[in-house]
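Reviewing the structure listed below.
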Amino acid sequence: MSSYQLDLTRRPRRTRRTAALRTLVNETTVQASHLIQPLFVIEGDGPPEPIESMPGQFRRSIADLLEECKELAGLGIPAVALFPKLDAAVKADDGREATNPDTLVLRAIRALKQTVPELAVIADLALDPYTTHGHDGLWDASAQDLANDPTVEVLCEMAVLAAEAGVDIVAPSDMMDGRVGAIREALDGNGHQKTAIMAYSAKFASAYYGPFRDAVGSSASAGTPHLDKRTYQLNPGNRREALLEVALDEQEGADILMVKPAGPYLDIIREVREETDLPLAAYQVSGEYAQIMAAAERGWLDLERCRDESLLAIRRAGADMILTYFAKDVARSLAGVPSDAPLGA
Ligand code: PBG
């Protein structure tokens, strides 16, 4: 080896030399306590239904949901986000099943709060699981668009029903204007001052939601594989508009803000983190999960390392908490429990 030597004061590699030194200077962690597991629930008492485009994810009956949630709580995961998959027979143009006081997701919330009360439950507020067209709100045929204010009225009703069922957090995912303020008012007006709002604040019109729409059946019901939500979800190229949405949700009383998707929008997560002192969530969506799973199935990527790196990047960008389909598997790895994922170690 040559004796060539640079005259350097700074040698950043010094603190990377051993595992112990790397641990000391580590800046970002992913713990089970940062993770929220999204879960799909179905009617009946059949076995869990695998979701084809999301290997390792299932639609579960309420009974199976309870078992899964006990395990998640035991692994230190603080919260789950519930998404109902409804039978086509109860879907309607106006999504009226959403305000049935005994609808599937409300029964799931009640059962969960009774059985695993320590686990925080998040209920999504949007009409897409309930409408025949798969849009998140009420469709105005003459305008060929969603009707903003009438949709907000329904979301308020859904929020109050979820709060009555015992939900900890409601999460409007619809992107209608003014919904956070209206929901806060409706909750408070009905004695639910303690129910928190996690606002899907910067939700982009993303192609990465595809597998989720398979999971809840909102794409098939629309009769098109590319349900177009661009009159309400954000243009993926618009960062200033994303910051405007975030500022409005904060003013309207959101308790937690969210950026969605996560991985392709790390710059937005960082900017939001710097603009607000509120807790910030990021949603690693179905397509981000599917992408990693598919490449790992082909042997092209290392599942666990890509999974962990994708989540670390989201935390480093500034997210306090991450909604991710990997939540359980990561918590298991951290706890030293063998994975039950399809390609798990
Ligand atoms: C709809 C909703 C979507 C997701 C969560 N809530 C999809 C959409 O906007 O069409 C996507 C989640 C995911 O892809 O994992 N209100």
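The values are calculated or read from the model by the stated rules, or taken from the named source; none is laboratory data. What you see is a predicted model, and the numbers here were worked out from it, not measured in a lab. Because the Cβ atoms are built from the backbone with ideal geometry, glycine has one as well, and the counts that use them run over all protein chains shown.
Quick one: in the range 164-184, of everything that is part of a loop (DSSP other than H, G, I, E, B) and within 16 Å of the ligand (Cβ to nearest atom), which residue is surrounded by the fewest Cβ atoms within 10 Å (Cβ to Cβ)? Quick ask: steps written out before the conclusion?
Quick first cut of the range 164-184, residues part of a loop (DSSP other than H, G, I, E, B) only: 166-168, 173-178.
Filter once more, so that each one left must be within 16 Å of the ligand (Cβ to nearest atom): 167, 173-177.
Details: V167: 27, S173: 21, D174: 24, M175: 25, M176: 23, D177: 15.
Of everything passing the filter in the range 164-184, D177 is surrounded by the fewest Cβ atoms within 10 Å (Cβ to Cβ).
This table checks each residue for (1) in contact with a helix residue (DSSP H, G or I) (Cβ under 7 Å, 6 or more places away or on another chain); (2) more than 30 Å from A341 (Cβ to Cβ); (3) at pLDDT 95 or above; (4) aliphatic (A, V, I, L, M).
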position: G237; (1), (2), (3), (4): no, yes, yes, no
position: V246; (1), (2), (3), (4): yes, yes, yes, yes
position: G253; (1), (2), (3), (4): yes, yes, yes, no
position: E271; (1), (2), (3), (4): yes, yes, yes, no
position: L278; (1), (2), (3), (4): yes, yes, yes, yes
position: V285; (1), (2), (3), (4): yes, no, yes, yes
position: A295; (1), (2), (3), (4): no, no, yes, yes
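I'm trying to understand the selection: among the residues of the range 124-162, which are within 11 Å of the ligand (Cβ to nearest atom) and outside any helix (DSSP H, G or I)?
Residues of the range 124-162 that are within 11 Å of the ligand (Cβ to nearest atom), as a first pass: 124-131, 134-137, 155.
The answer is D124, L125, A126, L127, D128, P129, Y130, T131, G134, H135, D136, G137.
Which ones in the range 48-70 are farther than 26 Å from Q291 by Cα and not hydroxyl-bearing (S, T, Y)?
I62, A63, D64, L66, E67, K70
For the condition at pLDDT 95 or above, within 16 Å of the ligand (Cβ to nearest atom) and out of contact with any helix residue (DSSP H, G or I) (no Cβ under 6 Å at 6 or more places or on another chain), what is the one hit in L323, L312?
Sole residue among the options that is at pLDDT 95 or above, within 16 Å of the ligand (Cβ to nearest atom) and out of contact with any helix residue (DSSP H, G or I) (no Cβ under 6 Å at 6 or more places or on another chain): L323.
Please verify whether the range 52-72 includes one or more residues that are over 16 Å from Y325 (Cα atoms), touching an Asp or Glu at 6+ places or on another chain (Cβ under 7 Å) and not aromatic (F, W, Y).
Step one: list which residues in the range 52-72 are over 16 Å from Y325 (Cα atoms), which gives 61-64, 66-67, 70.
Among the residues that remain, those that are also touching an Asp or Glu at 6+ places or on another chain (Cβ under 7 Å) are: 61, 63.
Checking the rest, the ones that are also not aromatic (F, W, Y) come to 61, 63.
Yes - at least one qualifying residue is present in the range 52-72.
All but one of (1) in contact with a Gly (Cβ under 6 Å, 6 or more places away or on another chain); (2) at pLDDT 95 or above; (3) surrounded by 24 or more Cβ atoms within 10 Å (Cβ to Cβ); (4) within 23 Å of A281 (Cβ to Cβ) hold for Y208, so report the exception by its number.
(3)
Checking G44 against (1) in a loop (DSSP other than H, G, I, E, B); (2) on the phi < 0 side of the Ramachandran plot, which single condition isn't satisfied?
Single failed check for G44: (2).
When you go through E245, E275, E309, E304 one by one, which is the residue that is out of contact with any strand residue (DSSP E or B) (no Cβ under 6 Å at 6 or more places or on another chain) and closer than 28 Å to A196 by Cβ?
Working: E245 fails: out of contact with any strand residue (DSSP E or B) (no Cβ under 6 Å at 6 or more places or on another chain); E309 fails: closer than 28 Å to A196 by Cβ; E304 fails: closer than 28 Å to A196 by Cβ.
Every option except E275 fails the conditions.
Pick from the range 131-146 the residues that are more than 15 Å from M176 (Cβ to Cβ) and hydroxyl-bearing (S, T, Y): which of them is surrounded by the fewest Cβ atoms within 10 Å (Cβ to Cβ)? Reasoning before the result, please.
Filtering the range 131-146 for residues more than 15 Å from M176 (Cβ to Cβ) gives 132-134, 141-142, 144.
Narrowing further to those that are hydroxyl-bearing (S, T, Y): 132, 142.
Details: T132: 16, S142: 6.
Only one residue fits best here, namely S142.
Out of all the residues in the range 175-195, which are touching a helix residue (DSSP H, G or I) at 6+ places or on another chain (Cβ under 8 Å) and farther than 17 Å from D149 by Cβ?
Within the range 175-195, L187, N190, H192, Q193, T195 qualify.
For the range 109-123, enumerate the residues that are within 16 Å of the ligand (Cβ to nearest atom) and either assigned to a helix (DSSP H, G or I) or within 25 Å of S219 (Cα to Cα) (or both).
Passing the criteria: I122, A123.
All but one of (1) surrounded by fewer than 19 Cβ atoms within 10 Å (Cβ to Cβ); (2) of a type in the set (A, V, I, L, M); (3) within 19 Å of A317 (Cα to Cα) hold for I256, so report the exception by its number.
So the condition that I256 fails would be (1).
If you check E52, E68, which single one turns out to be of a type outside the set (A, V, I, L, M), surrounded by fewer than 20 Cβ atoms within 10 Å (Cβ to Cβ) and more than 16 Å from the ligand (Cβ to nearest atom)? Steps first, please.
Numbers: E52 fails: more than 16 Å from the ligand (Cβ to nearest atom).
The conditions single out E68.
Output the qualifying pairs, or none if there are none: Cβ atoms under 9 angstrom, residues six or more apart or on different chains, first residue in the range 305-326 and touching a residue at least 24 places away in the same chain (Cβ under 8 Å), second residue of a type in the set (D, E) and away from the ligand (no atom under 16 Å from the Cβ).
R316/E27; A317/D267; G318/E271; G318/E274; F326/D308
So which helices (runs of 4 or more DSSP H) are wholly in the range 185-296 and hold at least 1 residues that are in contact (Cβ under 8 Å) with a residue 24 or more places away in the chain and within 13 Å of the ligand (Cβ to nearest atom)? Steps first, please.
Values: elements: 210-216, 218-222, 239-252, 266-275.
In the range 185-296, 210-216, 218-222 are the helices (runs of 4 or more DSSP H) which contain 1 or more residues that are in contact (Cβ under 8 Å) with a residue 24 or more places away in the chain and within 13 Å of the ligand (Cβ to nearest atom).
Hey, any hits in the range 19-30 for a residue that's closer than 22 Å to G336 by Cβ, under 19 Å from the mean Cα position of the chain (by Cα), in contact (Cβ under 8 Å) with a residue 24 or more places away in the chain and in a loop (DSSP other than H, G, I, E, B)? Don't jump to the end; show me each part of the working.
So in the range 19-30, the residues closer than 22 Å to G336 by Cβ come out as 19-20, 22-23, 26, 28-30.
Going one step further and asking which of them are under 19 Å from the mean Cα position of the chain (by Cα), we end up with 30.
If we keep only those that are in contact (Cβ under 8 Å) with a residue 24 or more places away in the chain as well, we get 30.
Restricting the remaining residues to those that are in a loop (DSSP other than H, G, I, E, B) gives 30.
Yes, the range 19-30 has at least one match.
Output the number of residues of the range 297-332 satisfying the condition of being in a helix (DSSP H, G or I) and not small (G, A, S).
At the first step, the residues of the range 297-332 found to be in a helix (DSSP H, G or I) are 297, 303-317, 327-332.
Now restrict to residues that are not small (G, A, S): 297, 303-309, 311-312, 314-316, 328-330, 332.
Number satisfying all stated conditions: 17.
From the list A123, A196, pick out the single residue that is surrounded by fewer than 23 Cβ atoms within 10 Å (Cβ to Cβ), aliphatic (A, V, I, L, M) and under 25 Å from I256 (Cα atoms). So that I can check it myself, show each step before the final result.
Details: A123 fails: surrounded by fewer than 23 Cβ atoms within 10 Å (Cβ to Cβ).
Going through A123, A196 in turn, just one is surrounded by fewer than 23 Cβ atoms within 10 Å (Cβ to Cβ), aliphatic (A, V, I, L, M) and under 25 Å from I256 (Cα atoms): A196.
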